[in-house]
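A short worksheet on the structure shown next.
The values are calculated or read from the model by the stated rules, or taken from the named source; none is laboratory data. What you see is a predicted model; the values in this text were computed from it and never measured. Here the Cβ positions follow ideal geometry from the backbone for every residue, glycine too, while neighbour counts run over all protein chains shown. Heavy atoms of the whole protein, side chains included, go into the accessibility calculation; ligands, DNA and RNA do not. Shrake-Rupley method; radii C 1.70, N 1.55, O 1.52, S 1.80 Å.
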Amino acid sequence: MLNLRQLHDAFATRFGAPPAFVVRAPGRVNLIGEHTDYNEGFVLPIAIDRATFVAARARVDRTIRVHSAQLDVEDRFSLDRIEHNPDQPWSNYVRGVVKAIRSRDLPLSGADLLIDSQVPLGAGLSSSAALEVAVAYALQLLNDLDLLGEELALLAQGAEQSFVGMQCGIMDQFMAALGRAGHALLLDCRDLSYRPIPIPLRARVVVCDSGVRHSLVASEYNERRAACEQAVQLLRARLPRISALRDVTSAQLEANADLLPPVVHRRARHVVSEIERTLAAAAALERGDLAHFGALMDASHASLRDDYEVSIPELDTLVEIARRLPGCYGSRLTGGGFGGSTVSLVEEGAVDRFAADLVAGYRERLGREAQVLVCTPSEGVSRVAVF
Ligand code: GLA
């Protein structure tokens, strides 16, 4: 990843004039509350200290030119004709955001954008949301749009849903926009209210990228989401007042399990129990009970593996190894699943040893290379340099 000076110079070389500014938007790692956001439940993520950077400058015409330093490719399109670009999938996140702003009838001029990122692609750390939110924020600054915070997050989510075709929830974009340094956010995905909860200094959030990338994420994800909606439809026969799985308790679900096909029942059981675990985990974190927090992380992983069926053997192996290492409170897959990363909560003093042993154990068991990132909770989107 280029530093700010290099980003400035690369921009000037490519576009013939320096950028007006650079913005950054972070990736995220979810501590617990997986596949609950689109069920109007709770999530408990942190924004991480790895971000996507966008250097930007307005143009006088109606063209968006966007260059990815990471991939060394460029895309260019007119504000008046924004179509899906099948040849450059990365650019559809940018196109989707521009289109979402255009569809709100907000005034928008052309722009030159140079993008670089520290968030590994496809690792389950929301590189896509970081890109969407960084681009939306850069465009809002260039055009004085007054699109901030929650609204920025909702616009970016809408772009991903309608333009990229992933029916994602709000968690990732919300954290890229509103993450808080030193804190996890207990986010209520029904009304978007949230409570920042400090991460105790004696614990570290350790991400481990399995190196596995899954190409069918969007279809599998959308299918899980559809199963949750089907569960709500069927449960309404006896629980007419529910509008999302958020409204169902574990006891209600079990009492009405006969209404559901077995697979749909298992999917719903994950969501309902995960929402309960997330609230319990937030309470445990608040009272500093990291052992209980870790046990809930472990239970979350088991539920994602067995009931929601979004894990893969590589993630299960990483979690198994992590759980046996000294200083590990808990470990689970993080993000949508089907590849990507695990997250573990680890005692501060044990982190170096934990990281080395996890990578070595994974190599020994599966012959694969894992990448460890020790993460610090960081702020959401901001402008980091003005030129
Ligand atoms: C992806 C989606 C999020 C969320 C997670 C699973 O990251 O973008 O909205 O649903 O999966 O928790």
Separation between the L106 and A17 pseudo-spin-labels, each 7 Å from Cα along Cα→Cβ, expressed in nm? 2.2
Global size of the stretch 123-197 as Cα Rg and Dmax, reported in angstrom: 12.2, 34
Please report, in whole Å, how far the alpha carbons of the stretch 1-133 spread along each principal axis, starting with the longest. 46, 34, 27
Given the options L145, L71, L325, which has the most mean-square fluctuation in a GNM of the chain, springs set between C-alpha atoms less than 10 angstrom apart? L71
Grab the Cα-Cα distance for D9 and E220, subtract it from 0.36 nm times how many residues apart they are, and report the gain in nm with one decimal. 71.8 nm
Cα-based Rg / Dmax (Å) for the stretch 167-298: 16.9, 48
Provide the solvent-accessible area of F53, counting protein heavy atoms only and rolling a 1.4 Å probe, rounded to the nearest 10 Å². 20
With a cut-off of 8 Å between alpha carbons and a minimum separation of six or more residues, what is the relative contact order of the stretch 1-109 in percent? 19
Once all protein chains are kept in place, L192 shows an accessible area at probe 1.4 Å, nearest 10 Å², of 20
Carbon/sulfur fraction of accessible area - the stretch 250-339, other protein chains in place, 1.4 Å, %: 57
With the calculation restricted to Cα positions, what are the radius of gyration and Dmax of the stretch 270-334 in angstrom? 11.8, 34
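Taking only protein heavy atoms into account and a 1.4 Å probe, give the accessible area per residue of the stretch 120-177 in Å².
Solvent-accessible surface per residue comes out at 27 Å².
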Relative contact order for the stretch 126-258: what percent, with Cα pairs under 8 Å and sequence separation of 6 or more? 17
How high is the relative contact order of the stretch 83-184, in percent, with contacts defined as C-alpha pairs under 8 Å that are six or more residues apart? 32
Roughly how many Å² of T249 are accessible to a 1.4 Å probe, to the nearest 10? 60
Taking the Cα atoms of the stretch 153-200, report the difference between the largest and smallest coordinate on each principal axis, in whole Å and largest first. 38, 19, 13
Compute the normalised compactness of the chain: alpha-carbon radius of gyration over 2.2 N^0.38 Å, N being the residue count. 0.99
Over the stretch 1-73, average the accessible area per residue using a 1.4 Å probe and give it in Å², no decimals. 33
Any GluC sites (Glu not before Pro) in the stretch 277-378 that lie in a DSSP loop and have at most 13 other Cβ atoms within 10 Å would be E369
The chain, Gaussian network, Cα under 10 Å: of A322, A129, A17, the residue fluctuating most is A17
Let me check something: with ligands and nucleic acids excluded, how do V386, V119, V212 order by accessible area (1.4 Å probe), largest to smallest? V386, V212, V119
